[in-house]
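The values are calculated or read from the model by the stated rules, or taken from the named source; none is laboratory data. All values reported here derive from a predicted model rather than from experimental measurement. Cβ placement follows ideal geometry from the backbone for every residue including glycine, while neighbour counts extend to all protein chains displayed.
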Amino acid sequence: MNKLEVVVKALAKVNAQDIVAYDTNTSSPFFNSVVIASVDSVRQLNAALEYLKDGFAEAGLAVKSASGANTEWVLLDGCDILVHVFYKEERARFDLDKLYIDCEHIDLQNFAK
């Protein structure tokens, strides 16, 4: 199972919304892709972080770091993939999507199955 598939499945378990993935291969020497998603509550944020960490562990994939439990923004660094999960209002406030406006979107439809 690849990392994007793990991420999409973990986020689906918490009913994350507005999931967007960006291909950052050509714009960042540090990671290949970035995923940004929104949830409605801090409880969903905490669950998303746990599902992400569990999914990576079950797939035998490394997690460099994970942070943000009990906050309004969690971040998982999966070595070559970054996953940001925001409480809706925080996503709008920080608007990280603007950072990746020039990056190609990754179609997640195939990963949702």
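The set of residues from the stretch 61-83 being under 15 Å from A10 (Cα atoms) and of a type in the set (G, A, S) comprises A66, G78.
So if I check each of A66, A62, which one is over 15 Å from A16 (Cβ atoms), crowded, with 16+ Cβ neighbours inside 10 Å and without any contact (Cβ under 8 Å) to a residue 40 or more places away in the chain?
Details: A62 fails: crowded, with 16+ Cβ neighbours inside 10 Å.
None of the other options fit; the residue is A66.
Take the conditions (1) out of contact with any Phe, Trp or Tyr (no Cβ under 6 Å at 6 or more places or on another chain); (2) of a type outside the set (F, W, Y); (3) surrounded by fewer than 22 Cβ atoms within 10 Å (Cβ to Cβ); (4) farther than 13 Å from D80 by Cα; S38 misses just one of them, which is (1). Taken over the stretch 68-92, the criterion of being at pLDDT 95 or above and of a type in the set (D, E, K, R) is satisfied by D77 alone.
Say we look at the stretch 3-16 and pick out the residues that are in contact with a Leu (Cβ under 9 Å, 6 or more places away or on another chain) and not β-branched (V, I, T); which of these is surrounded by the fewest Cβ atoms within 10 Å (Cβ to Cβ)?
Going through the stretch 3-16, the residues in contact with a Leu (Cβ under 9 Å, 6 or more places away or on another chain) turn out to be 3-4, 6-8, 10-11, 14.
Next cut, not β-branched (V, I, T) only: 3-4, 10-11.
On the way: K3: 21, L4: 19, A10: 24, L11: 25.
This residue is L4.
For the stretch 27-43, the candidate set comprises residues that are over 19 Å from A66 (Cβ atoms) and in contact (Cβ under 8 Å) with a residue 40 or more places away in the chain; within that set, the residue that is farthest from the chain's Cα centre (by Cα) is S27.
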